[in-house]
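Take a look at the structure set out below.
The values are calculated or read from the model by the stated rules, or taken from the named source; none is laboratory data. Just so you know, these numbers come straight off a predicted model, no measurement behind them. Cβ atoms come from the backbone with ideal geometry, glycine included; neighbour counts cover every protein chain shown.
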């Protein structure tokens, strides 16, 4: 799957709704910012993951539900959830 900003946000909202067991309508977008990540894991490697050390351009996506905020990171090839319950998660790679 190849992402653009809009499709990355929509896939992030769907993933978070599934994880929290709430309708997508209860997920709000707080911010979306273009950014450069320090490596190919978008600065959010899973436990034990090794990532190529090259700059990756993508988006930080801030979502919220029920007063809590969550951060997704995406580039055109992948989507990750940062620090959800103390761990990073690869959603699409």
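Some values worked out for this structure:
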quantity: All positions within region 66-93 that are surrounded by fewer than 20 Cβ atoms within 10 Å (Cβ to Cβ) and under 16 Å from residue 27 (Cα atoms); calculated: 66, 67, 68, 69, 71, 84
quantity: Counted residues, region 3-46 - those being within 12 Å of the chain's Cα centre (by Cα), in contact (Cβ under 8 Å) with a residue 60 or more places away in the chain and part of a loop (DSSP other than H, G, I, E, B); calculated: 1
quantity: Checking residue 33 against (1) loosely packed, with under 12 Cβ neighbours inside 10 Å; (2) in contact with a helix residue (DSSP H, G or I) (Cβ under 7 Å, 6 or more places away or on another chain), the condition it does not meet; calculated: (2)
quantity: Test: residue in region 47-56 that is without any contact (Cβ under 8 Å) to a residue 40 or more places away in the chain and in contact with a strand residue (DSSP E or B) (Cβ under 7 Å, 6 or more places away or on another chain); calculated: yes
quantity: Where a residue in region 65-93 is closer than 18 Å to residue 10 by Cα and its partner, wherever it lies, is modelled with pLDDT under 95 and not in a loop (DSSP other than H, G, I, E, B), with Cβ under 9 Å and at least six apart; calculated: 74/92; 77/92; 78/92; 79/92; 80/92
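For every residue, the table says whether it meets (1) at pLDDT below 95; (2) surrounded by 12 or more Cβ atoms within 10 Å (Cβ to Cβ).
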| position | (1), (2) |
| --- | --- |
| 5 | no, yes |
| 8 | no, yes |
| 16 | no, yes |
| 19 | no, yes |
| 39 | no, yes |
| 51 | yes, yes |
| 55 | no, no |
| 58 | no, yes |
| 64 | no, yes |
